[in-house]
Structures are given as C-alpha cells and as structure tokens.
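Working notes, structure below.
The values are calculated or read from the model by the stated rules, or taken from the named source; none is laboratory data. Only a predicted model underlies this, so the values are computations on that prediction, with no experimental measurement involved. Cβ placement follows ideal geometry from the backbone for every residue including glycine, while neighbour counts extend to all protein chains displayed.
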Amino acid sequence: MSRISPWWMPDRHADRRPFLTARGRIKAAFRNWFTAQGFTEVEPACLQMSPGNEAHLHALSTDIVGPDLSRRRRYLHTSPEFAMKKLLAAGEEKIFAFTPCFRNREHGPLHATEFTMLEWYRTGAPYEHVMDDAADLLRLACATTGQRLISWRGAVAVPQGAADRLTVAQAFQRHAGVDLLRTITDGTPDRDALAEQVRAQGITVRDDDSWSDLFARVLAASIEPKLGFGQPQLLCEYPAVEAALARPAPNDLRVAERFELYCCGVELANGFGELTDPVLQRANLEAQMALKERIYGERYPIDEDFLAALAHMPPASGCALGFDRLVMLAAGATHIDQVLWTPDS
C-alpha cells in the first residue's frame, strides 16, 4: 500500500498552498470586518483549569510542575468561551479571537485534534445579531476567494443570499416526522414519548438511551445531512436541555437561544444568547458532567471563577465558528488538512 507523502514534501505543499494563502486572505478580511465594527481582538490562554463542560467533548490534559515539584492539572481548552466571558465581566463589550482549540476523539475530513476557533461576543445584543454575523462572515469568506457556489460531497449552496432560518422543532417535523416539543413538558424531556416517535421512523432505540441520546441520533441521521442545501441555513431554538450555556427563550422555556449555521450539511458555527444566571449555569454544567460520567466514566472540573464572573457579566450574545471548516468551503478544499499550515497527519 502506498503511503501519502508527509505534508512538508514540496510537491504536496505546492498542492495545498493555494488553500493556505486563501486562509490568510480570509483571516485578514475577517479582522478588518471586526475592526470596522469596533471590536477588540483578544488572545485567551489555551491552558485552563476546566476545558469546558459539554458532555460529549473530550479534552487533552497536562500537569504543570512547579519549582517545588508540585503538580497542577490543567487542560487545553475545547473553546475559549469561559475566558472570553470573564473578559466581558471585566468590562470588555465587543471582542473576538482566533484561538487554537483542542478536542480529543475527533479526526477526519472535517475534524482535527488542534483547530482554530473564531469566537466573538457582543454585549447588549440579541442573539439574532450574532446569527446575522455568522451568515455575513460566510458571505465575506466566499467573496474573498471569489467562490460563487459552495460544493461539498454533492451538495451545493449559493452563499450570497440571505440564510434561511429554521427552528429545531420545525426541522425535526420536516425531516424526521417527529413532534419534538410534544416530548418536553415544563422543560422536562419525556424519554419514552420521544422513543415512541423515533421507533415509528425506523430509527434504532436502545434500552439505555436517554432523551438526549435519541435527540442526537435523529439530529445526526435525519436532520444535519439535509441542512444548508441551496442556501446557508440557521438552525435555531434548540431544546433548553441541549443548550447548557444559553439563556432560555422568553416566549417558550422549553427552548433556548441557541443556533447553529449549516452549509451543504456542514456545521460551521454555534452561537447563544448567553446565560448569565450563575445558579442555573451551575446546575446545567453539573448535569452535563453527570451525563459525561455516566457515558464515558470521567468528568471535568467546574470553573468556579467562571461562575463567579457571571454575576458581573452583562447581557450578551456570542458565537463560535470553526474557522478551518469555513476556509475549506470557501476555498473549495475537500479535507481539513488542506487548510492547516502544519497538519498533524
């Protein structure tokens, strides 16, 4: 079996170089866009006492050894979210960052263990504002590369027009025939009610599946592959139990102010109207870590400093965008390694 030459071989680098130079142009265009809107670029530290507390994200850890040989466990963050929200508590109002992030158990055409997250926050802004930001940045990336049509694995989308908005409940009804909100009463998910509908669609239900397990299975199998065809799509109003860091929607407490941007079936961005209630936030993070321990047999620390900062944080909305994935689509690449200057494979 022939082995693919390493990325540093001149011929392979020459093939990748057009994508890498496009990456640089897109990053410069994005910096100009944020600066023109009064944002400050910040540089969150990658080493944190907690990597984040989402049940299905897996972190890399290390020990910091002091002069006295004492050890402190630290993690490479899965997102700069906690650090950037502390900056909002400190008084920053509009901030953005291009930040290296790290996630274990993820590798493939759309995943790298180390990747770049573009994350930004607006204080006093509704979450619809950062939804528009995400769609605007996708259009700007394609305008920078001259890409008038995005194509990925047979799917196509025109990025120049407005992004379509679709609630999660609408998507489940349209693409999976599932009445999702009927399975949530007073904010509490009914596992058996969802299982009944999922079985009726011919999707496997295991005895130990939770409501969240079933939600994720339907989302991955029946919803995500159909999003963002023809035009980019914003999937919004996630169930509150699937939005641990987002504030509840004022018109329906069953859902939260969370959205994701999709194009050609590829998830590009994940944003929130930010939850600033430290009591509710603690309960959500503890629930996520209990779920992680049940499924994976491990849990990460809760960042008490982050919870303390929430009491000082103003209302805000924010978004995390997978910069490498966006560059891939805007430059016409087919694998994330093509847009990373020094990939790990």
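How many of the residues making up segment 256-280 are of a type outside the set (A, V, I, L, M, F, W, C), in contact with a Phe, Trp or Tyr (Cβ under 9 Å, 6 or more places away or on another chain) and closer than 18 Å to SER212 by Cβ?
Summing the residues that are of a type outside the set (A, V, I, L, M, F, W, C), in contact with a Phe, Trp or Tyr (Cβ under 9 Å, 6 or more places away or on another chain) and closer than 18 Å to SER212 by Cβ in segment 256-280 gives 3.
Just to be sure I understand the filter: pairs with C-beta atoms under 9 Å, separated by 6 or more residues or on different chains, first member in segment 13-39 and under 25 Å from GLY318 (Cβ atoms), second member at pLDDT 95 or above and surrounded by fewer than 15 Cβ atoms within 10 Å (Cβ to Cβ). Which pairs pass?
Here the result reads ARG23/TRP341; ARG31/GLU41; TRP33/ASP136; PHE34/THR40; PHE34/GLU41; THR35/GLU41, each pair linking segment 13-39 to a residue that is at pLDDT 95 or above and surrounded by fewer than 15 Cβ atoms within 10 Å (Cβ to Cβ).
Out of the residues in segment 68-90 meeting the condition of being part of a helix (DSSP H, G or I) and of a type in the set (Lys, Arg), tell me which one is nearest to ALA320 (Cα to Cα).
LYS85
Within segment 56-98, track down each residue that is acidic (Asp, Glu) and surrounded by 14 or more Cβ atoms within 10 Å (Cβ to Cβ).
Matches in segment 56-98: GLU81, GLU92, GLU93.
Counting only residues that are within 20 Å of the chain's Cα centre (by Cα) and within 30 Å of ARG139 (Cα to Cα), how many does segment 290-314 have?
The number of residues fulfilling the criteria is 0.
Six or more apart or on different chains, Cβ under 8 Å: which pairs go from a residue in segment 331-344 that's among the small types (Gly, Ala, Ser) to one that's at pLDDT below 95? Could you list them?
The qualifying pairs are ALA331/GLN147; GLY332/GLN147; GLY332/SER151.
Residues that are among the hydrophobic types (A, V, I, L, M, F, W, C), at least 2 per element: which strands (runs of 3 or more DSSP E) completely within segment 128-207 meet that?
Where strands (runs of 3 or more DSSP E) fall fully within segment 128-207 and carry at least 2 residues being among the hydrophobic types (A, V, I, L, M, F, W, C), they are 150-152, 155-157.
Restricting attention to segment 265-288, and to residues there that are touching a Pro at 6+ places or on another chain (Cβ under 9 Å) and touching a residue at least 60 places away in the same chain (Cβ under 8 Å), which single residue is surrounded by the fewest Cβ atoms within 10 Å (Cβ to Cβ)?
So the residue we want is GLY265.
Is it fair to say SER151 is touching a Cys at 6+ places or on another chain (Cβ under 9 Å), polar (S, T, N, Q), surrounded by fewer than 16 Cβ atoms within 10 Å (Cβ to Cβ) and more than 20 Å from ALA316 (Cβ to Cβ)?
yes
So which residues in segment 32-49 are closer than 20 Å to HIS129 by Cβ, under 20 Å from the mean Cα position of the chain (by Cα) and not in a loop (DSSP other than H, G, I, E, B), if there are any at all?
The answer is PHE34, GLU41.
In segment 40-72, which residues are free of Cβ contacts under 8 Å to residues at least 40 places away in the same chain and closer than 20 Å to LYS292 by Cβ?
Selection gives SER61, THR62.
Each row is one residue, and each column tells you yes or no for (1) at pLDDT 95 or above; (2) in contact with a strand residue (DSSP E or B) (Cβ under 6 Å, 6 or more places away or on another chain); (3) closer than 16 Å to ALA330 by Cβ; (4) of a type in the set (Gly, Ala, Ser).
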site	(1), (2), (3), (4)
LYS94	yes, yes, no, no
THR99	yes, yes, no, no
GLU106	no, no, no, no
LEU137	yes, no, yes, no
CYS142	yes, no, yes, no
ALA163	no, yes, yes, yes
THR167	yes, yes, no, no
GLN170	yes, no, no, no
ASP179	yes, no, no, no
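Has segment 309-319 got at least one residue that is within 20 Å of THR78 (Cβ to Cβ) and surrounded by fewer than 17 Cβ atoms within 10 Å (Cβ to Cβ)?
no
Do we have any residue at all in segment 221-232 that's hydroxyl-bearing (Ser, Thr, Tyr) and over 16 Å from the mean Cα position of the chain (by Cα)?
Within segment 221-232, one or more residues are hydroxyl-bearing (Ser, Thr, Tyr) and over 16 Å from the mean Cα position of the chain (by Cα).
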